[in-house]
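S.K.: Pasting in a structure now, in structure tokens, and then I'll have a few things to ask.
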Amino acid sequence: MSLPDFQSFFKPLLEIASDGMEHSAKEARAEIAKKMNLTETELNELLPSGIQTRFTNRVAWAQSYFVQAKVFNSPRRGYFQITERGKELFKQNYDKIDIKILNQFSEFVEFHTTSKQDKQQENDKQIQITPSETPEEILQHAYQSIRNDLAGEILLKIKLNSPKFFENLVVDLMVAMGYGGSKADAGKSIGQTGDEGIDGIIKEDRLGLDVIYIQAKRWEGTVGRPEIQKFVGALHGKRAQKGVFITTGRFSEEAIDYAQNIGSKIILIDGHALSEYMIDFNLGTSTVAKYEVKRVDSDYFTEE
């Protein structure tokens, strides 16, 4: 008998959390294995990478999807707890819980929608891979899904850490992207000023021919236009034209429109974009596996 797919773990995971207490992932796996009468063979089956069991991986994905749908929150590392939304979902007593049911939650749909164009195309608010897609398209969707979930996991871990950790993260990211010169040099600039809405100053290049002013905010909700206006005002006070506003939250449409239509060059980096940059620049992530997609080299098979 093969191991159930990860959606099959949604309902038992919700049942475990329904008591309102904090639960560890390890505890959840033990209870699910017992509840579903899984065999040792099923529990010990490894992924192709050979690093993790399929069971551990699938339960983790189920938990991740619940967090994205705001059915669970993550009060501390390695633990989850049901939310009010999760309690309402539990009361509905579905025979089976799957992605179609999670699609009713806008946060879940938005998390899996990667661009404004995608959002316009998702009129039915469903996340699915259609059978009509080619193998390459399916692979690309699968890659993007893994990347989106990784970005979500990174953001959750950032929020669980201290403000000082966030400041260091900002330094590491800016240096990884080619700004600030050395880490030691850049590290002297972030989190030191606290001056009129500016959290730090970092060199645009190694020579310091220009500087970038930074505002770094661990923010759970939405950053509105007033916060961006305050930052722009601080830049004008320094006679500066370049700034980066980084937050773990998100920016309102008004804030984005304002930043795009002023004379100063203001870059807004929200929580999801921050996670994406960390993936692109290999910060806080490690490569588990690589896959190459090849096609026939027609020139090789052409005879003179």
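S.K.: Using only the alpha carbons of the range 6-128, what is the convex hull's orientation-averaged projected area in square nanometres?
M.R.: Values: hull surface 34.7 nm².
The directionally averaged projection comes out at 8.7 nm².
S.K.: I'd like the distance between the alpha-carbon centres of the range 146-166 and the range 257-304, rounded to an integer number of Å.
M.R.: One Cα centre to the other: 18 Å.
S.K.: If you don't mind, another one. Could you estimate the translational diffusion coefficient of the chain from the Stokes-Einstein equation, with Rh from the Kirkwood formula over C-alpha pairs, at 37 °C and 0.692 mPa s, in whole µm²/s?
M.R.: Numbers: Rh = 22.1 Å.
Reported coefficient: 149 µm²/s.
S.K.: Moving on to the next point. Hey, got a sec? Which trypsin sites (Lys or Arg not before Pro) in the range 1-78 land in a DSSP loop and have at most 13 other Cβ atoms within 10 Å?
M.R.: On the way: sites: Lys26, Arg29, Lys34, Lys35, Arg54, Arg58, Lys70, Arg76, Arg77; in loops: Lys70, Arg76, Arg77.
Here the trypsin sites (Lys or Arg not before Pro) that fit, given the DSSP loop and packing criteria, are Arg76, Arg77.
S.K.: Further question: What number does the range 240-280 give for Rg over Rh if you use C-alpha atoms and the Kirkwood radius? Could the numbers behind the result be given before it?
M.R.: Values: Rg = 10.9 Å, Rh = 10.8 Å.
Radius of gyration relative to Kirkwood radius: 1.00.
S.K.: Right, next: Hey, which of these cross-link pairs are over 32 Å Cα-Cα: Lys157/Lys203; Lys34/Lys157; Lys34/Lys87; Lys100/Lys159; Lys91/Lys217? Before the final figure, lay out each step's value.
M.R.: Working: Lys157/Lys203 28 Å; Lys34/Lys157 29 Å; Lys34/Lys87 23 Å; Lys100/Lys159 28 Å; Lys91/Lys217 37 Å.
Those over the limit are Lys91/Lys217.
S.K.: Per-residue counts of other Cβ atoms within 10 Å, averaged by peptide: what ranking do you get for 2-8, 272-278, highest first?
M.R.: Working: 2-8: 15.9, 272-278: 20.0.
In decreasing order of mean packing, 2-8, 272-278 become 272-278, 2-8.
Read-outs: derived from the displayed coordinates by stated rules, not from any lab. Everything numeric here is computed off the predicted structure, so don't read it as measured data. Virtual Cβ from ideal backbone geometry, glycine too; neighbours counted across all protein chains shown.
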